[in-house]
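Here's the structure, in structure tokens; my notes come after.
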Amino acid sequence: MLEQGIRVCFLTPDSKLAQALSGVLGAGFHSRILNEFQLSKFNEVSDWCDVLVVDLRAPQPGALEAGLQFMQEATALPFHPPIVVLCQDDSPELNVKVMELGAYDSIAHPPSMVELRLILRRAHKFQSAEREVQRLRVSDSGATRLHDLHGTAPAMQELFALARKIGPCDVNVLITGETGTGKELLARAIHQSSLRAARSIVAFSCANLPDTLIEDELFGHERGAFTGALAMRRGRIESADQGTLFLDEVGDLGIGLQPKLLRVLQERSFERLGGNSTVSVNIRVISATNRNLQQMVQRGEFREDLFYRLNVVHMHIPPLRERRDDIVLLAQLFLLSAAQRFNKKVKRFSHQALLALEEYSWPGNVRELENAVQRAVVLSEGTAVDVSHLPTDVRKNAHEEETLGATEGMNANSSYEGEIRQFKRRLILRTLRKYGWNKVESARSLGVARGYLHRLINQLEISQYEEDNLLASLEERLPGNQQVS
């Protein structure tokens with residue numbers, strides 16, 4: 001049977017230390033020990049190893065140099081596991097050196113078992129995301145990718161399957177989702193899967209434009225239709241003939257223009273502004289909005305017949321905060337792309353940076369994540385993006401979580417049970433915050449009974465009042481008001 005858990009390989013001349021650490025890591029970890037800094041020995045277990053812990057404290061002459069040489073050779077391998085280095089507490093120069101050589105992280109001796117477990121888990125998660133990125137780079141297909149869209153979350157898997165199913169069918173599609181979730185990318189993916197892929201997809205956003213300009217952009221005009229119309233101009237609808245028309249923010253389309261669009265969908269024909277001749281088109285319409293069109297229909301702001309014409313197939317893209325498992329995968333993809341684009345040597349995130357990315361709520365969704373990663377890559381000087389390279393809002397969230405975790409740790413020992421308690425407390429706090437401290441919704445999200453959630457809140461001494469006071473004090477002391485370096 002395959003071992004279930006994180007497989008850790010200790011590379012150290014001090015086998016007694018490795019055995020002691022292996023014994024107290026606890027459930028979920030499997031260990032092997034190597035005593036020599038030889039790449040050939042490591043290659044024998046490299047396929048088994050998820051995380052490599054390298055001990056650079058050995059007092060023997062030449063041991064440090066041999067360890068550093070081994071790291072240089074190991075990190076040059078195409079698919080090496082993340083490396084965590086065990087250093088002396090008083091060796092900041094060595095910490096910098098190993099990070100430059102490509103170590104995932106370093107930890108001082110003697111290590112805190114709580115910290116070591118967290119580092120090993122995050123290193124393993126980083127490795128899993130990196131392997132998935134490598135797999136995606138050599139494969140144009142797969143369940144985790146739909147053209148330029150990526151995702152492993154169940155909601156995204158269902159979305160990809162639906163897109164592949166409806167792509168070849170010439171039906172209109174309505175895509176909903178918050179700003180920045182990738183609605184246009186999904187529209188383009190559907191077009192590429194369709195029988196119209198050889199033709200163009202013409203995109204137009206209806207957001208924040210006057211009706212007269214939208215009408216001219218969509219339908220075009222004849223020469224002399226208005227002052228300045230010196231020549232006939234084809235609109236977006238006509239340009240999309242035989243292809244696909246993508247209407248972004250269709251909920252912003254004025255009520256006066258909606259009948260004209262409805263006619264295009266029903267009759268496949270229209271007249272240009274100032275013209276009398278009918279123009280026939282053969283188009284597929286994919287529309288998108290971040291507004292609730294059904295509520296707009298009820299309020300009389302959107303035509304019901306147009307809504308049903310657009311909404312033959314409805315597809316909803318979940319916000320990034322509801323599919324947190326995709327954050328690391330997407331961040332790594334954006335990092336590799338930005339590093340190549342800006343000619344930077346960056347290859348990875350530090351574990352503190354990954355923690356910050358995972359804990360942030362991402363109100364701007366995937367677009368905000370991509371911008372944050374691009375900024376971090378530009379600011380980084382070495383091979384790793386650190387938390388200090390991330391935007392202030394992302395850093396602030398990481399410091400709040402770190403300080404909350406430290407506060408919880410004051411009342412819990414560094415035992416396995418204490419770590420589980422901290423994990424439960426953070427999970428429940430995060431869920432309560434997400435649902436505005438609504439315990440019914442929080443219990444439903446966690447998959448537990450409401451009474452059990454109440455008992456957990458009491459057992460873990462979770463108080464909204466205390467948390468609000470703590471976060472208020474953090475506002476005064478942490479970034480935003482203080483530059484993090």
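The values are calculated or read from the model by the stated rules, or taken from the named source; none is laboratory data. As the structure is a prediction and not an experimental result, all values here were calculated from the model. Virtual Cβ from ideal backbone geometry, glycine too; neighbours counted across all protein chains shown.
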Task: Test: Asp170 is at pLDDT 90 or above, surrounded by fewer than 17 Cβ atoms within 10 Å (Cβ to Cβ), of a type in the set (Asp, Glu) and more than 22 Å from Glu322 (Cβ to Cβ) - done: yes
- [ ] Just need a number here: residues in segment 18-73 that are among the hydroxyl-bearing types (Ser, Thr, Tyr) and in contact with a helix residue (DSSP H, G or I) (Cβ under 8 Å, 6 or more places away or on another chain).
- [x] 1
Open item on the list: I'd like to verify a number: residues in segment 406-441 that are assigned to a helix (DSSP H, G or I), modelled with pLDDT under 50 and touching a Lys or Arg at 6+ places or on another chain (Cβ under 7 Å), how many?
Closed with: 1
Task: 2 or more residues more than 30 Å from Arg145 (Cα to Cα) and acidic (Asp, Glu): qualifying helices (runs of 4 or more DSSP H) within segment 179-273 - done: 211-219
TODO: List every residue pair whose Cβ atoms lie under 7 Å apart, where the two residues are 6 or more positions apart in sequence or sit on different chains, the first residue falls within segment 451-462 and is within 17 Å of Arg426 (Cβ to Cβ) and assigned by TED's automatic domain parsing to the domain that holds Phe423, and the second residue, located anywhere, is among the charged types (D, E, K, R) and at pLDDT 75 or above.
DONE: Leu453/Lys439; Leu456/Lys424; Leu460/Lys424; Leu460/Arg425; Ile462/Arg425
Task: Single residue of Asp211, Asp252, Asp241 found to be under 27 Å from Val366 (Cα atoms), out of contact with any Pro (no Cβ under 6 Å at 6 or more places or on another chain) and not aliphatic (A, V, I, L, M) - done: Asp252
Task: Residues located in segment 1-58, provided they are hydrophobic (A, V, I, L, M, F, W, C), out of contact with any Leu (no Cβ under 9 Å at 6 or more places or on another chain) and closer than 16 Å to Val85 by Cα - done: Cys49
Open item on the list: Just the residues that are modelled with pLDDT under 80 and surrounded by 17 or more Cβ atoms within 10 Å (Cβ to Cβ), please, taken from segment 77-97.
Closed with: His80, Ser91, Leu94, Asn95, Lys97
Task: Subset tally (residues that are in contact (Cβ under 8 Å) with a residue 24 or more places away in the chain, surrounded by fewer than 17 Cβ atoms within 10 Å (Cβ to Cβ) and part of a helix (DSSP H, G or I)) for segment 297-306 - done: 1
Open item on the list: Go through segment 11-52 and report how many residues are crowded, with 20+ Cβ neighbours inside 10 Å and touching an Asp or Glu at 6+ places or on another chain (Cβ under 7 Å).
Closed with: 2
Open item on the list: Exactly one of these conditions fails for Glu267: (1) within 20 Å of Arg196 (Cα to Cα); (2) touching a residue at least 40 places away in the same chain (Cβ under 8 Å). Give me its number.
Closed with: (2)
- [ ] Identify the residue in segment 316-372 that is of a type in the set (A, V, I, L, M) and not in a helix (DSSP H, G or I) and, among all such residues, is nearest to the chain's Cα centre (by Cα).
- [x] Ile317
Task: Evaluation of Gly180 against (1) at negative phi; (2) touching a Gly at 6+ places or on another chain (Cβ under 7 Å) (one fails), failing number - done: (1)
Task: Of all residues in segment 65-76 being modelled with pLDDT of 80 or more and of a type outside the set (Gly, Ala, Ser), the one that is farthest from Asn43 (Cα to Cα) - done: Glu65
TODO: Could you tell me which residue of segment 427-445 is surrounded by the fewest Cβ atoms within 10 Å (Cβ to Cβ), considering only residues that are within 19 Å of Arg323 (Cβ to Cβ) and in contact with a Leu (Cβ under 7 Å, 6 or more places away or on another chain)?
DONE: Thr431
Task: Qualifying positions in segment 121-131 - farther than 26 Å from Lys345 by Cβ and buried (at least 17 other Cβ atoms within 10 Å of the Cβ) - done: none
TODO: Kindly indicate whether any position in segment 307-318 is at pLDDT 90 or above, buried (at least 22 other Cβ atoms within 10 Å of the Cβ) and either within 18 Å of Asp393 (Cα to Cα) or out of contact with any His (no Cβ under 9 Å at 6 or more places or on another chain) (or both).
DONE: yes
- [ ] For Ala240, indicate whether it is more than 29 Å from Gly274 (Cα to Cα), of a type in the set (Gly, Ala, Ser) and touching a strand residue (DSSP E or B) at 6+ places or on another chain (Cβ under 9 Å).
- [x] no
